[in-house]
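This report refers to the structure that appears directly beneath it.
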Amino acid sequence: MKRARGIVALRIPGVSARLTDDGDDQPTDEYIPGTLAIVEKATGVFIEWTPQGEDECGWVLADEDSGHTIPSLSPKPVDASSSSSLPSSGPLSPHSRLRFSVDVNDLSSFKNVEPKKGKKGHPCIRLIAKDGTNYVPLYFLTQSTKDFIDVLQRYVTLRRSAREHQLVLVVDEKAEALAQSLSTLDQNGDIMGRFMHNPYATAMTGLSKITTFVQDQVIPAILDSDAVSQEEKIRAMRELRTETDDTRLKISREADFEVVTQLELPPRPDIFRESPVTQAVWSSFKHSDGSFDQAKSHHMMMNVFRGGVETELRKEAWKYLLGYYEWSKTPAENEKKRAKLEKDYLRMKGQWTSISEDQESRFAKYVVRKALVEKDVARTDRTLKFFAGDDNPNLAMLHNVLMTYCMYDFDLGYVQGMSDFCSPLLYVMGNECDAFWCFVGFMQRVHANFEKDQTAIKVQLNQLRDLLMIVNPKLANYLESHDSDDMYFCFRWLIVWFKREFSFEDTCKLWEVLWTCQPCPNFLLLICAATLDRQTETIIENKFGLTEILKHVNDLSMHHDLDEMLTSAEAIFHQLSASQDKLPMHICEHLALGDKSVVGTPSGDEDDE
Amino acid sequence: MNREDGDDSFDYLFKVVLIGDMGVGKTCVVQRFRNGTFVDRQGTTIGVDFTMKSLIVDGKRVKLQIWDTGGQERFRTITQSYYRSANGIVLCYDITCKQSYESLERWIDDVSKFAAPNVVKVVVGTKADLESERIVQVEDGEQLQRRHGMLTFIETSAKENTNVDKTFYRLAETLKRQHDAGMSIESQIEGIRLNSGSTPVGGLWQKYESCCRY
């Protein structure tokens, strides 16, 4: 099977993959040296990246000969009848999983990021496949990306996105041809011309009979073409939809539906992050008796919101932010509360630790629950040093906290995702009792995410869609026209508050920002909106559909820039806040805009006035 | 190679979805097949994700879009929306966990509600390397397969790399042949209707061009 080796059209050593390591306690940005190649094979032209020290030449061949399954998109022969038990793969280097090979025909686009002028850095290329897969970012350490792009152009037609400079699209010749045939239709029939000029009237008077035709064939094509302004496209889509439904039409005419979609928000202000709150700053908000000065509480919360808190301060600050300690109480009073709660914790822990094996044999519900906790504890953040290795006592602590929580809230029990919330708390607190009560405080905020009917999650997803309609109608309408307006692809973001999208350290930072409930209680939704906003052109220009959007969003994991997300989300908040009188009521409600009672009040404080 | 057709990197594309209780090892099975690796203590899967794997069956290029789903029961409503247009379903249980075997009836109910009637089903008993902890017998798996008219029953070990590839090859081969025999036209149309992504799922790419209008 020598055919697989192929002709190497381009080979660039010194192209490194960059790994944003999600595992370690310390955030490490690691460059993994390797070689980028474009290879012509019998089965197609492939872009391949291989980490240094691995057999780059002909590795597909080895794969094919031995029947090994190695990370490769390359087709390989299959003989299903004889492959009863394949030999297990040999030892792979830790970076083997990053190695990839992608057919140029599967390529949808790539991001080409040049280092900012006057700044150090290397040009970077991140390939995006038609199925939405984002490959590992590649940094060109020794040369520019020009050779790569030049050689790639031999095989595919490339066009730089007019809307987002960093995005280079692989032009789909079929779509281009369709756009051309559309313009022919336009010239001949004039229907399209009229439609574009005044889609609403045309739809109402003449197009109703052929609406199906328009919806099925013309609209998707129009959406793909660049001939019409985005606003027209959106309006056309909307009009056609409302046209089929008299009731909705009425609403859209009378209510602020139209106004809403065209609402112009003021420009986004520039927002800057600040440095984390230090012990000294933290203490400056306290009275001499150690309790917090209520008059300064808003100021202090804004400080935490803008910069988070220093790592060393987390152990103390989180207890307050999560409502375990009370702001208005002195340390001695809080210590007293802690002593009482510790007893409480031990009492509840005793309730399950005292269940004997004999009892278990007649307590199926408990046994099932215990099994769930055990399964998840064994695989929660195990790449973190804190939870690594067998017989790690921290695993036992995590298990104990979660099991005790089952006794604290037996109606809810244990649901997947809860261990994600618990693990950072235990990491920071370092002991079961404090971790448990912080967890109780956190669960008060996210309890609904885990409830059986899942209404809360769906409500949040709907709210996110509503928000996006205002913040970025272009993307919102695109999602709607691609069956993605249920926003299910954001499910993971919301259910565990971006735990799977960020490094451990960034997750801690994000959470403490969110716990402040500043500048509004639903700030998490604004972060989602800001994150999606940033992906607008990538999603639309790659013409991603339902599955590709999900894949793309999933693959963003560990490649988000937290500070940028936070500043954009805050900027969007200010945009909305400045236009609150024009916003529809439900948007104000989602964000509690204009609700003065939530601003500046540290939540979870029982004794708050 | 033919450069006129922009999408000639495969001949068939099938969507395969793994379902089953949490912790049975669905992600490990996918990882083994996709990357040839076994990661012990694989993190829990929240929501859904998919990976692509290309195979050659009968000289044709078959792409499998393999969907890995979170096993938490209450998140099903979310995950269902992604697997309703599946061509193949891999139902997984853990041979050391009775509960996960018993749950399959509920998962099968789900499949009958949300997947096309002619979806190809495979039942997989995972963690076959843990023979000493076995609770579910081979016969139980076989019985389930027969009762629900599934293509095959197979026990796998992602850890020891037993039967994982075989399961997917078998599925790919069946899907391709079924498709060639024209048996899956219905599900194909269903696939187009429910899955309006730019990557149509459910069969021969070129045939889409002729049977559906874009």
Inset, instruction - Return the sequence-ordered ³J(HN,Hα) values of segment A:378-390 in whole Hz as given by the Karplus equation 6.51 cos²θ - 1.76 cosθ + 1.60 applied to θ = phi - 60°, using x for Gly and Pro. - result: 5, 9, 9, 6, 6, 7, 6, 4, 4, 10, 6, x, 6
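What does the C-alpha gyration tensor say about the overall shape of segment B:12-178? Classify as rounded when a/c is under 1.5, otherwise prolate if a/b is larger than b/c, or oblate.
rounded
Once you order the gyration tensor axes a ≥ b ≥ c over the Cα atoms, which shape class does segment A:313-421 get: rounded for a/c under 1.5, otherwise prolate or oblate by comparing a/b with b/c?
Here segment A:313-421 falls in the oblate category.
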Inset, instruction - Compute the signed sum of charges (Lys and Arg +1, Asp and Glu -1) over the other residues within less than 15 Å, Cβ to Cβ, of A:Thr531. - result: -3
Legend entry - Whole-Å distance, taken between Cα centres, linking segment A:277-322 and segment A:439-503: 29 Å
Legend entry - Positive minus negative residues near B:Val30 (Lys, Arg vs Asp, Glu; Cβ under 11 Å): +2
Inset, instruction - Report the label-to-label distance for A:Thr330 and A:Ala371 in nanometres (one decimal), using points 7 Å from each Cα along the Cα→Cβ vector. - result: 5.3 nm
Inset, instruction - For segment B:12-178, build the charge dipole from Cβ charges (+1 Lys, Arg; -1 Asp, Glu) around the Cα centre, then report which of B:Phe75, B:Thr37, B:Val48 sits farthest towards its positive end. - result: B:Val48
Legend entry - Stretch gain in nm, segment A:Leu341-A:Ser579, where the contour uses 0.36 nm per residue and the Cα spacing is subtracted: 81.2 nm
Legend entry - Other-chain or far-sequence residues with amide H under 5 Å of A:Leu158's (modelled H): A:Val171
Inset, instruction - Give me B:Arg147, A:Arg273 ranked fewest to most by other Cβ atoms within 10 Å of their Cβ, as a rough exposure proxy. - result: B:Arg147, A:Arg273
Inset, instruction - Sort A:Thr507, A:Thr157 so that the residue with the fewest other Cβ atoms within 10 Å of its own Cβ comes first and the one with the most comes last. - result: A:Thr157, A:Thr507
Inset, instruction - Return the distance in nm (one decimal) between the two label points of a simple spin-label model at A:Tyr31 and A:Glu54, each offset 7 Å from Cα along Cα→Cβ. - result: 2.0 nm
Inset, instruction - Taking the Cβ of B:Val164 as the centre, find all other residues whose Cβ is under 14 Å away and add up their charges (Lys, Arg: +1; Asp, Glu: -1). - result: +3
Legend entry - Rough spin-label spacing in nm, given labels placed 7 Å along Cα→Cβ, for A:Val459 and B:Arg106: 2.4 nm
Legend entry - In order through segment A:573-579: 3J(HN,Hα) via Karplus (6.51 cos²θ - 1.76 cosθ + 1.60), integer Hz, x for Gly, Pro: 4, 5, 4, 5, 4, 5, 10
Inset, instruction - List A:Glu48, A:Glu54 from most exposed to least, where exposure is judged by having the fewest other Cβ atoms within 10 Å. - result: A:Glu54, A:Glu48
Legend entry - Dipole magnitude of segment A:322-450, debye to nearest 20 (Cβ charges: Lys/Arg +1, Asp/Glu -1, about Cα centre): 220 debye
Inset, instruction - Using the structure shown, list the pairs from A:Lys119/A:Lys146; A:Lys319/A:Lys452; A:Lys509/A:Lys582; A:Lys370/A:Lys499; A:Lys365/A:Lys509 with a Cα-Cα distance above 30 Å, or answer none. - result: A:Lys509/A:Lys582; A:Lys365/A:Lys509
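Taken together, the values in this text are just the output of simple stated rules run on the coordinates, not laboratory data. Just so you know, these numbers come straight off a predicted model, no measurement behind them. Cβ sites come from the backbone with ideal geometry, for glycine too, and all protein chains shown count toward neighbours.
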